[in-house]
Amino acid sequence: MKVAVVVFPGSNCDRDTAHAVRLAGAEAELVWHERVELGGADAVIVPGGFAHGDYLRAGAIARFSPVMAALREHAERDGLVLGICNGFQVLTEARLLPGVLRRNTTLRFENRWVRLAVERVDTPFTRAVPAGMTLRMPIAHGEGAYWLPDAELDRLEAAGQVLFRYAAPEGNPNGSLRDIAGVTNERGNVCGLMPHPERSSEALLGSDDGLLVMRSLVESMAAVGAAA
Amino acid sequence: MATYRFSVSIMPKDGILDPQGRAVEASLAALDAANVHHVRIGRRVEVDVEAGSTDEAWATVDRLSGELLANPLIESWEIEGLHTPGPLGPSK
């Protein structure tokens, strides 16, 4: 079982992410953004950083990197895709996930620990999370305020596509509408979140709650493999 | 073929959260400009396009605006034709 971790110029969480994938029990391969295939990976992670310097808008230019065609095809075949932080921004710009991540309303780059409520534990990204558990993870972003028109937010919530919300005691760190920290696409095989599971995958880092997300992904890959 | 120059002004749509505009607006009282409101911040992009006609060049810029320069979910854009700068470098 292998996870492809896409690397753009300016990605900077790629190695940490690959390390966390290995801790969760799968192989990880770094895939440079100019490649046109994913090395036969079972799942793809778009990691954090500043792809293409975040020039123009975060994620806007990364959307047109050669590897994105293979990623899109993987998603269309119901393959699992996880976007973390900048990776979430890339996936929204690529229209693989709904919504937009706007500049924080707090006048600052927010680099701190947050708490996440997990809205569903029956998804490929949360199946290893015990029901009712909140996850402690760090954030580090300037553009993380999730935005969608009100009516579309209603629809998103009704469809169960809101997967993570910022929760007490730290609460909403960036002005995201309805405290949204992570969403999935309609089919539920593409997920993005602003907090960093890879930076909270070992107790040494202050929390290993993020490993539950990585383990969920790896377990889900195994389940698909067993079914195939 | 001729070269056509355009500017594209990209602005957050009305009603869209604009944290940058809001931050600038909040500083205006210190400039004795509390009578200035509704600050919104966008960006301007200039491009040169080689094409057979203005219409063809315009259509190219409009397509790029929707696909890359602006995010149509939250931003609108206006294209303005600028003076034609003449041939760019040696002709092909």
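The values are calculated or read from the model by the stated rules, or taken from the named source; none is laboratory data. Predicted, not measured: the structure shown is a model, and the values here were computed from it. Cβ sites come from the backbone with ideal geometry, for glycine too, and all protein chains shown count toward neighbours.
When the range A:40-52 is filtered for residues that are part of a loop (DSSP other than H, G, I, E, B), touching a residue at least 40 places away in the same chain (Cβ under 8 Å) and not acidic (D, E), the ones remaining, listed by number, are A:P47, A:G48, A:F50. The set of residues from the range A:136-160 being touching a Gly at 6+ places or on another chain (Cβ under 7 Å) and within 22 Å of A:E202 (Cα to Cα) comprises just one member, A:M137. Before we move on, is A:V21 among the hydrophobic types (A, V, I, L, M, F, W, C) and buried (at least 16 other Cβ atoms within 10 Å of the Cβ)? Spelling it out, A:V21 is indeed among the hydrophobic types (A, V, I, L, M, F, W, C) and buried (at least 16 other Cβ atoms within 10 Å of the Cβ). What are the residues in the range A:53-97 that are assigned to a loop (DSSP other than H, G, I, E, B) and either more than 16 Å from B:I74 (Cβ to Cβ) or out of contact with any helix residue (DSSP H, G or I) (no Cβ under 8 Å at 6 or more places or on another chain) (or both), if any? Within the range A:53-97, A:Y55, A:I61, A:S65, A:P66, A:R77, A:D78, A:G79, A:C85, A:R95, A:L96 qualify. Listed conditions (1) surrounded by fewer than 18 Cβ atoms within 10 Å (Cβ to Cβ); (2) over 30 Å from A:A223 (Cβ atoms); (3) among the hydrophobic types (A, V, I, L, M, F, W, C) are all met by A:W147, apart from (1).
Among the residues of the range A:184-202, is any more than 16 Å from the chain's Cα centre (by Cα), without any contact (Cβ under 8 Å) to a residue 60 or more places away in the chain and either more than 30 Å from B:K13 (Cα to Cα) or surrounded by fewer than 18 Cβ atoms within 10 Å (Cβ to Cβ) (or both)? Checked against the condition, which is being more than 16 Å from the chain's Cα centre (by Cα), without any contact (Cβ under 8 Å) to a residue 60 or more places away in the chain and either more than 30 Å from B:K13 (Cα to Cα) or surrounded by fewer than 18 Cβ atoms within 10 Å (Cβ to Cβ) (or both), the range A:184-202 yields no hits at all.
Taking the criterion of being away from chain B (no Cβ under 13 Å) and within 15 Å of the chain's Cα centre (by Cα), the residues of the range A:50-71 that qualify are A:F50, A:A51, A:L71. Going by the conditions given, is B:I16 within 11 Å of another protein chain (Cβ to nearest Cβ), under 30 Å from B:A57 (Cβ atoms), out of contact with any Cys (no Cβ under 8 Å at 6 or more places or on another chain) and at pLDDT 90 or above? For B:I16, the condition - within 11 Å of another protein chain (Cβ to nearest Cβ), under 30 Å from B:A57 (Cβ atoms), out of contact with any Cys (no Cβ under 8 Å at 6 or more places or on another chain) and at pLDDT 90 or above - is not met. Set side by side, the residues A:V44, A:V100, A:V90 differ, and just one is more than 23 Å from A:L177 (Cβ to Cβ) and surrounded by 17 or more Cβ atoms within 10 Å (Cβ to Cβ), which is A:V44.
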